[in-house]
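Derivation of every value follows stated rules applied to the coordinates shown; laboratory data play no part. All values derive from a computational prediction rather than experimental measurement. So basically every Cβ, Gly included, is an ideal-geometry build from the backbone, and we count neighbours across all protein chains shown.
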Amino acid sequence: MAVRFGVPPEGERIRSLVEERLKQAMSEDGAKITVDWRGEPRHLYVISMPVDTLYYNPDTHRIRAQKTLDPERNRILEEEPWGERAQAYLHDLLRQKPSDPQQRDPDYTTLLEELEDFGQKEPGIISRDGIIVDGNTRCAALRDLGVKDIRVGVLPQDTSRRDINSVELALQLRKDKRRDYSYINRLIAIEEELASGRREEDVARDFNIKVPTLRLDRRVYQMINEAIERSRTSSGACLRLVDFEEQQEKLRELQRDFAKKATTDPEAAEQLKESRLAMVVLNYPKTSLRLAEEDFHNRYLDERLPPDLRPAIQESSAVTIPGLPGVTVPDATVAVKTTRALTDRLLQAKAASLSANKVQPQALDEANRVIISARRAFDAAVKLAGQNAQLEKRKIAVQERLSDAADYVKQCAAEFAEAKAKRALDEDAFDDALLELRDSLARLARLAGRTFTSPGDGIEWLLAATREE
């Protein structure tokens, strides 16, 4: 859950300024903006406020995942959220690319250009204490551009932290020009909404998704958190939420296929999940991930792994059920444990490679070597799996083509009867088409005759039907 940050130290002074400007706006019947307020539309007066007097919202979902990247600055943010250093940290985060916080977000650059060329179009939203509810990124951009004032709607006096979060989400999820939350921040926001006691159906509606999609995303979020924990090394390095930011579609498809397989074969489902998760770590495209079925590790990968990457022989053991003394069940099979051990190794290597400040140079070199070596083995395995998939498609294609041809002949018979009844049959054209069919069947018969030494009934018919008298 999000930390609760209280009221800004300058809240009373800001409230006085807000009240003064609201009175002026009301007397002039000024512009308004409409928000969803506790389930009903509420029209808020819009006023102009100095950008430097407002506070970025430490609770905003826009940078929820990113603000944990710098533990020291995040500690300051939680302890002194309204202080200069904490607010400067939020200002930096609002400008960064969600998937790579070392880079400026291209969307932010676009926003800067739009504001510079056209000015502020849509007002933001603030609380009466000066907390920015909607428009944190716009405020950052206006400050960077040197603009002195920002137009904002003002929430009612009894606004709570819960109201602030609700209004922010409702405005963000509208179908308009707002800069979207990143995928990970959406997942965090969903979990927080559900943790507050809301129903899945209500949260799904707010996020403009269906309940099955919400449940799928929750499983993805759980898998990401489990992968982060599995990636933790002895030196303290581990993957971060933002490291999975651009893997949305891969992880969703992985979870869909895992859930489908788990209904009939849980062990196979686990093997599929582990192999594909390893390929996500190695940054394979989605088309390659689809080649990793439950037998991918044993059939294509294992023998191509270098000795130092091949997991040690795993042993299956019994697990005691808490509260039931003497009752045990078998844990994961040897095959699942083996596949999982390799994935753990790659998760930890990836974490170390991304944490140069937490690992020794020798450990960093080893992590990079593991990733390169694993990528080489996976490349060979993916290539073989792809070739086999193409072969299977060709095998299926032969009989599917004949089945399609049979359907066309059936349809032709029906249309023949109709054309004959209407005296609309072109006999010469029909005769030419039959000769073309005969030639095609004759060619197929020659190929089949050379292939099968003990032909079945169907092939015997084909050979007899095309045999020249």
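A few remarks follow.
- Rough spin-label spacing in nm, given labels placed 7 Å along Cα→Cβ, for GLN222 and GLU116: 4.7
- From helices alone, the chain scores -19000 deg cm²/dmol at 222 nm; the rule is -39500 (n - 2.57) for each run of n ≥ 4 DSSP H residues, then divide by the residue total.
- Across LYS97/LYS286; LYS250/LYS393; LYS67/LYS286; LYS121/LYS148, pairs whose alpha-carbon gap is larger than 18 Å: LYS97/LYS286; LYS250/LYS393; LYS67/LYS286
- Volume per residue for the chain equals 292 cubic angstrom (convex hull of Cα atoms).
- Theoretical FRET efficiency, 1/(1+(r/R0)^6), r = Cβ-Cβ of THR263 and LYS358, R0 35 Å, to 0.05: 0.30
- ARG375/GLN411 FRET efficiency (R0 60 Å; Cβ-Cβ; nearest 0.05): 0.75
- FRET efficiency, GLU418 to TRP461 (Cβ-Cβ, R0 22 Å, nearest 0.05): 0.20
- Scoring 22-32, 53-63 by mean Cβ neighbours within 10 Å over their residues and listing the highest first yields 53-63, 22-32.
- Rounded to the nearest 20, the Cβ-based charge dipole of segment 405-466 about its Cα centre (Lys and Arg +1, Asp and Glu -1) stands at 220 debye.
- The eigenvalues of the Cα gyration tensor, multiplied by 5 and square-rooted, give segment 11-179 an equivalent ellipsoid with semi-axes of 25, 18, 16 Å from largest to smallest.
- Of the trypsin sites (Lys or Arg not before Pro) in segment 363-468, those whose Cβ has at most 10 other Cβ within 10 Å and which sit in DSSP loop: LYS422, ARG423, ARG467
- Between GLU249 and ALA195, the contour length at 0.36 nm per residue exceeds the alpha carbon distance by 17.0 nm.
- Peptide packing for 92-99, 424-431 was compared via the average number of neighbouring C-beta atoms within 10 Å per residue; ordered from the highest value, the list is 92-99, 424-431.
- For the peptides 126-133, 254-261, 157-164, the ranking by mean Cβ contacts within 10 Å, running from highest to lowest, is 126-133, 254-261, 157-164.
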